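All remarks here apply to the structure that follows.
The values are calculated or read from the model by the stated rules, or taken from the named source; none is laboratory data. On a predicted model such as this, the values are computed, not experimentally measured, just so you know. Cβ sites come from the backbone with ideal geometry, for glycine too, and all protein chains shown count toward neighbours. The accessibility values were calculated without ligands, DNA or RNA, using every heavy atom of the protein model including side chains. Shrake-Rupley method; radii C 1.70, N 1.55, O 1.52, S 1.80 Å.
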Amino acid sequence: MEESFFILKNIFNVGGIINGDAEFFEDIVRTPELLIERIVSTGQVTPAGEWYDQAKDEWVILVSGTAVIRFGTGTLVNLASGDHLFIPAHCKHRVEETSKSLPCFWIAIHGNLVSPANREFSSDNY
């Protein structure tokens, strides 16, 4: 394969994308079955009264910063740099807090990440 097919990027490059009002989302890989995305947050949260209820599983790692995720059961999960979390499909959750002074750099993978026959996670547990 020729070198021209390779694209080098840096996850921490913000190049003018940090805006206090909006999170930044960038597709790294997108297929009909899989999405790998970079998210940069600087204090943004899920709007009041709204919940994520995604059709696909999500695995997310917080590369830098701090954040708090709330699940539909009320469970709060505090995340620090390096923490990762698996969120099963249809597990209601929301972002309650993201750090402002240190931007949150996330990598999220969305897809059918666990075979339904082997699923050890249930949205009832969160």
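Observations on the model:
- Within the range 7-22, no residue satisfies the criterion of being free of Cβ contacts under 8 Å to residues at least 24 places away in the same chain, open to solvent by less than 70 Å² (accessible area, probe 1.4 Å) and under 18 Å from I61 (Cβ atoms).
- Candidates L102, L79 - the one that is modelled with pLDDT of 95 or more and either in contact with a Gly (Cβ under 9 Å, 6 or more places away or on another chain) or buried (at least 19 other Cβ atoms within 10 Å of the Cβ) (or both): L79
- Under the condition of being within 24 Å of N112 (Cβ to Cβ) and open to solvent by less than 50 Å² (accessible area, probe 1.4 Å), the residues counted in the range 43-62 number 7.
- Among the residues making up the range 26-42, those that are surrounded by 13 or more Cβ atoms within 10 Å (Cβ to Cβ), touching a strand residue (DSSP E or B) at 6+ places or on another chain (Cβ under 6 Å) and not charged (D, E, K, R) are I28, L34, L35, I36, I39, V40, S41.
- Evaluation of T73 against (1) more than 19 Å from L35 (Cα to Cα); (2) touching a residue at least 24 places away in the same chain (Cβ under 8 Å); (3) assigned to a strand (DSSP E or B) (one fails), failing number: (3)
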